[in-house]
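Just below is one structure, and these are the notes that go with it.
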Amino acid sequence: MDKKMEDDDVANAHPFLRYIEKQWHESWEILMRGFKGFSSCSWAMQQHQEWAGLRSWRSPAAPPNERRRWGDAGPEMVATPLDHAGSFSPPPRSLAEWGALILATPRPLSKAHLTHHAYKLWCSGALPIGVAAAMDSPARPEKPQLVHPRRVPTAKVLGISPSVHMIHNLAHIELNAVDLAWDTVVRFSASGGELDSQFFADFAHVADDESRHFCWCEQQLNELGSSYGDVPAHNLLWKDCQKTSASVDARLAVIPMVQEARGLDAGPRLVERLKQLGDDRSANIVEQISQEELAHVAVGVSWFLDVCRRLECDPAARFKELMTSLNVELRGPFNHKAREAAGLPQSWYDTAMDTKLEQKPLSPQVRSRQTRSKSFVLCFYTGRDHLFLPSRGLLEIGNCCVFRERQSPLEKLVLRSDPIQSSPEPSKIPRCRCCRR
Ligand SMILES: [Fe+2]
Ligand SMILES: [Fe+2]
């Protein structure tokens, strides 16, 4: 609805309407609680369950994770070699400049070590966010050869163990994830202060986590007699990065909430497969990585909600709109439990659920909630504090009382998805039975 029209209508309205306008947002949120199939921005925000570990993951008191080597009993501390970190002239002076330098660094282990160095500098408070120019593509080593996804050879064709093939694929994903996180920092550093500094802190943190994951994978590949670069790979992940360069909501939707979320789906299956192969050490590494990926999905969801709040749009609708406009396929099977824990609602990404919701008859409780909520909307838009629906019961909502009957024509009308468009002409609403208004 046009905002100006809405304001004018409210200003000229019945006193009840002015009264109700004051309480509108609060009432709306209360009424919409638990009502599926209809959402408002504020309602969706209120319903969202943030990942329980997000606060501690973000805590400035938590030092950068130094457990970058995989020991006999799992991750262990190791002094990170800094390569040529101190030899840049001039040295990067901000987080964004460090990000740009890392994106321009081709050697994967150097990328990983520099990432950790930059993140530690940021955590120590030695760096401002700054501004830097983003690149079209990050620097990469000569190997692995990048091929079409369908031309990535299988382990059997290459004559290597399935473990090496799987860990190599994962190492490639982790290296891409380092670049993707830094690209988000660098590209949106020019947002003119519109994004909170915590946004940049979060994605630098993601880059640091991914660099640690890459180190574990590379170490494991070495122990299995291979190294990163030995298996041809594809460049799909970076292509998703390129097509989301223009807007931060597209970036958040596609990278953390689709790409990273796919890691939550695939992780347990990969762990199981490695265990079946008898490679428990690789399985343990993948399991640890998979658990840590949850934070990356969670920060993506958190910032996506923040951006939607600022844009005053419904996050679920915006997410679906972006998937369509960017031609991103949402493929299952989904790990609903992990996705839910990361704060990603199933109704956003599971297109099968839309069909189920459309087909499934509504329970009496849901129908009752919908009727109460939408009847309230009708009261608001028609300026009435009473609304008659051919009666089979009385519902009281604040100052409204609503008679309803499940199959009445009017109820069918209010059950349509958009309350504003479906509001009938005031003259067509029958008078209230109790007060004749
Ligand atoms: Fe990772
Ligand atoms: Fe990740």
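The values are calculated or read from the model by the stated rules, or taken from the named source; none is laboratory data. What you see is a predicted model, and the numbers here were worked out from it, not measured in a lab. Every residue, glycine as well, gets a Cβ built from its backbone with ideal geometry; the counts of neighbours run over all protein chains shown. Just the protein is used for accessible areas: all its heavy atoms, side chains included, with ligands, DNA and RNA removed. Shrake-Rupley method; radii C 1.70, N 1.55, O 1.52, S 1.80 Å.
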Positive minus negative residues near Leu195 (Lys, Arg vs Asp, Glu; Cβ under 14 Å): -1
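Under 10 Å from the Cβ of Asn335, count the other residues' Cβ atoms, weight Lys and Arg +1, Asp and Glu -1, and hand me the total.
Values: positive: Arg262, Arg269, Lys337, Arg339; negative: Asp265, Glu340.
With Lys, Arg at +1 and Asp, Glu at -1, the neighbours total +2.
Roughly how many percent of the accessible protein surface of region 54-357 is carbon and sulfur, given a 1.4 Å probe and a whole-percent answer?
Numbers: 7080 of 13360 Å².
That fraction is 53 percent.
Just order 66-73, 297-304 by mean Cβ neighbour count inside 10 Å, highest at the front, would you? Don't skip to the end; give the middle numbers.
Numbers: 66-73: 14.4, 297-304: 25.4.
In descending order of packing, they fall as 297-304, 66-73.
Set the bar at 30 Å for Cα to Cα. Now go through Lys156/Lys275; Lys143/Lys337; Lys275/Lys337; Lys111/Lys243 and name every pair that lies beyond it.
Working: Lys156/Lys275 19 Å; Lys143/Lys337 37 Å; Lys275/Lys337 22 Å; Lys111/Lys243 23 Å.
Checking Cα-Cα distances, Lys143/Lys337 exceed 30 Å.
Could you work out the relative contact order of region 54-357, using alpha carbon pairs under 8 angstrom and six or more residues apart, expressed as a whole percent? Show your work: numbers first, answer last.
Working: 393 pairs, mean separation 53.0, N = 304.
Reported relative contact order: 17 percent.
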Using the scaling law 2.2 N^0.38 Å as the reference, what is the normalised Cα Rg of region 54-357? 0.97
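Suppose every Lys and Arg Cβ carries +1 and every Asp and Glu Cβ carries -1, with no other charges. What dipole size does region 54-357 come out with about its Cα centre, to the nearest 20 debye? Please list the in-between numbers first.
Values: 32 positive and 37 negative charges, 78 e Å.
In total the dipole reaches around 380 debye.
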Could you give the length gained by full extension between Arg58 and Leu158, i.e. 0.36 nm per residue of separation minus their alpha carbon distance, to one decimal place? 31.8 nm
